[in-house]
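**Q** The structure that follows is given in the form of C-alpha cells.
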There are 2 protein chains.
Amino acid sequence: MFSLNVSGEKEVERKEISQAVISRLPRYYRYLGELRDDGVERISSQELSELMQSTASQIRQDLNHFGGFGQQGYGYNVEQLYTEIGKILGLDQIHHLVLIGAGNLGQALANYVNFERRGFLIEGIFDQNPALVGRQIRGIKVRPMEELESFIIEHHADIGVLTIPKTAAVAAADRLVRCGIKAIWNFAHVDLKVPPKVQVENVHLSDSLMKLSYNICNYAELHREQTDRAIDP
Amino acid sequence: MFSLNVSGEKEVERKEISQAVISRLPRYYRYLGELRDDGVERISSQELSELMQSTASQIRQDLNHFGGFGQQGYGYNVEQLYTEIGKILGLDQIHHLVLIGAGNLGQALANYVNFERRGFLIEGIFDQNPALVGRQIRGIKVRPMEELESFIIEHHADIGVLTIPKTAAVAAADRLVRCGIKAIWNFAHVDLKVPPKVQVENVHLSDSLMKLSYNICNYAELHREQTDRAIDP
C-alpha cells in the first residue's frame, strides 16, 4: 500500500484503492464531522463501527489504504481523521460546476447550499429552453446553451452536471468533454461514453427505485416462505 | 441456486443474491428495454457485454442467479428477458408512494413521469410548511403532515420518499415505520435506523459528489506521477 518517495516520506499509492472503498469514504467523513460537531475528540474503531453499523475490521482496513490514522490503545483523533479524509476526498480544493438543465432537478441542486459549503460552487446554469433562459436561481442566471463552451473556459469549470433528459444528455456530454471538463455528474438515465480522463458519477434515480422495489418483493417472498415453513408439519 | 418446490417446478432461492447483483439488474433492464424498442429480438451475452461495457461472463453469472435465460448458440430472447427481469424487480406490481417534503427535490421527483410508467404512483405529497400545503404538483395536492398516517393507511402506501433535511428525516421515518410502510427511499443525508422488515434505499447526493471529487484529484495525482516518471532519466 505504501512506498517511500525520494524524500523518504511515506507515500500512499492511491491507484490500488477500489471504488468500493472510495464509496465508503464520504460516509466516514459525515460521521466524523458529526462527532467533531458533538465535541468528541477521539474514537476507537470499535466505537465507530457500532455507530456506523459496520465492523471495526472493515473500518481499520478501509482507513489503512490511506495511511492508517489510528494508534493502538488510543483510537482515532476525530478532528485529524476528519481533516485527512476531507483532503483525500479533495474537499480542501474548490470545484467549479456548470449545471446543464434548469428544470426541477437542476433547480433543486442549484438551491442546495451544502454543496457550496463543501467547495462545490455552481458557477453557471444552462438550458436550451428560452422560457428558462434569463431566470435567476439562487442568484445564478440561467444562460443559453450557445454560451456553454466560452463560459466553461472562462470560469475554469471542472465539473459538468447533467440534469437533462437522456435524449439530450449524450450530446451535452460530448460538448463538455470537448472543452476539457474533468468530470460529469450525470443524472440522465443513460450511460455516457467519455474518455478515461473524464470522471463520471451517475445518479440513476430510476435504478435506485427499482432496487427498492426488488427488495420489497424479495422480503415479502422470503417472509412468505418462512411462514410456509413455520406452518409445515 | 435452485430448489424444487412441492409441485416440482424449478424455484429460485432469492435470498442468496447479493445487493451488488441486484444493483446491476436495473441496468440490464434499461439496455434490454432499449434493444426491444429498437426491434432487436435476440442478443448473445457477448454482444450485450460489448454494449454495456461489461464482460459476457459477468452477464451470464448475474442472470444465472435468476434461472439463466440464455440458450447455447441462440443467446437471450430480448423481449422475454426484459419481461422476466421486470418481474424480478417487481415492476409488474403497482407501488403506492407518499412523498414527504414538497421542496425543490420533492417537486422534481413528483414531476418525473417515468416513475409512474414503471408502476410507482405518487399518491400523496406532504409538507410541514403551511406555505406549501394546498398547492398542487402535477395535480397532486400537498397535504399537512398531520394527515400522513391516515393517508398511508387509506391509500395502502408502501413506499415513503424522504426529501426533507436530515434534521426532520429521522422523525418522519419513525412515523412511516409506525404505520407499516414497507420501504423508504431516503434522500436525506442521514442513515436511518429502521426494523429489518423496512427496506431502505439511500440517495446521498453529497456522497456521490465527494466520490467524484476524489476521482478528479486521484486522476490528476496518478497522471502527475506518470508524467514525473516519464520525464525521469
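The values are calculated or read from the model by the stated rules, or taken from the named source; none is laboratory data. Please read these numbers as outputs of a predicted model, since none were measured by experiment. When we count neighbours, we look across all protein chains shown, and the Cβ atoms used for this are built from the backbone with ideal geometry, even at glycine. For the accessible areas, the whole protein counts, side chains as well, though only heavy atoms, and no ligand, DNA or RNA atoms are used. Shrake-Rupley method; radii C 1.70, N 1.55, O 1.52, S 1.80 Å.
**Q** Looking at this structure, is A:Ala169 in contact (Cβ under 8 Å) with a residue 40 or more places away in the chain and among the small types (Gly, Ala, Ser)?
**A** So A:Ala169 does not fit the description; no.
**Q** Anything in region A:191-200 that is part of a strand (DSSP E or B) and among the aliphatic types (A, V, I, L, M)? List them, or say none.
**A** Once the filter is applied, which keeps residues that are part of a strand (DSSP E or B) and among the aliphatic types (A, V, I, L, M), region A:191-200 yields only A:Val200.
**Q** For region A:117-151, enumerate the residues that are closer than 27 Å to B:Asp207 by Cβ and either among the aromatic types (Phe, Trp, Tyr) or within 11 Å of chain B (Cβ to nearest Cβ) (or both).
**A** If the condition is that a residue be closer than 27 Å to B:Asp207 by Cβ and either among the aromatic types (Phe, Trp, Tyr) or within 11 Å of chain B (Cβ to nearest Cβ) (or both), then A:Arg117, A:Arg118, A:Gly119, A:Phe120, A:Phe126, A:Ile137, A:Arg138 are the ones that fit.
**Q** Any chance region B:201-214 includes a residue that's assigned to a loop (DSSP other than H, G, I, E, B) and in contact with a Lys or Arg (Cβ under 9 Å, 6 or more places away or on another chain)?
**A** yes
**Q** Working only within region A:152-164, note down all residues that are surrounded by fewer than 17 Cβ atoms within 10 Å (Cβ to Cβ) and touching a residue at least 40 places away in the same chain (Cβ under 8 Å).
**A** Correct list: A:His155, A:His156.
**Q** Another one. Please tell me if B:Arg42 is open to solvent by 60 Å² or more (accessible area, probe 1.4 Å) and away from chain A (no Cβ under 14 Å).
**A** Spelling it out, B:Arg42 is indeed open to solvent by 60 Å² or more (accessible area, probe 1.4 Å) and away from chain A (no Cβ under 14 Å).
**Q** I'd like to check something: does region B:115-136 contain any residue that is acidic (Asp, Glu), within 17 Å of the chain's Cα centre (by Cα) and surrounded by 15 or more Cβ atoms within 10 Å (Cβ to Cβ)?
**A** No; the residues of region B:115-136 include none that is acidic (Asp, Glu), within 17 Å of the chain's Cα centre (by Cα) and surrounded by 15 or more Cβ atoms within 10 Å (Cβ to Cβ).
**Q** Something else now. Against the condition within 19 Å of A:Glu34 (Cα to Cα) and open to solvent by less than 50 Å² (accessible area, probe 1.4 Å), how does B:Ser208 come out, does it pass?
**A** Taking the combined requirement at face value, the residue satisfies it.
**Q** Output the number of residues of region A:60-96 satisfying the condition of being at the interface with chain B (Cβ under 9 Å from one of its Cβ atoms) and hydrophobic (A, V, I, L, M, F, W, C).
**A** Qualifying residue count for the region: 3.
**Q** If you don't mind, there's one more thing I want to ask. Taking the condition of being open to solvent by 80 Å² or more (accessible area, probe 1.4 Å) and in contact (Cβ under 8 Å) with a residue 12 or more places away in the chain, how many residues in region B:75-105 meet it?
**A** 4
**Q** Of the residues A:Ala188, A:Ala172, which is assigned to a helix (DSSP H, G or I) and aliphatic (A, V, I, L, M)?
**A** Of A:Ala188, A:Ala172, the one residue that is assigned to a helix (DSSP H, G or I) and aliphatic (A, V, I, L, M) is A:Ala172.
**Q** Which members of region B:180-200 meet the condition of being more than 9 Å from every other protein chain (Cβ to nearest Cβ) and in contact with a Lys or Arg (Cβ under 6 Å, 6 or more places away or on another chain)?
**A** B:Ala188
**Q** Within region B:201-227, how many residues are under 28 Å from the mean Cα position of the chain (by Cα) and more than 8 Å from chain A (Cβ to nearest Cβ)?
**A** Looking only at that region, the number is 1.
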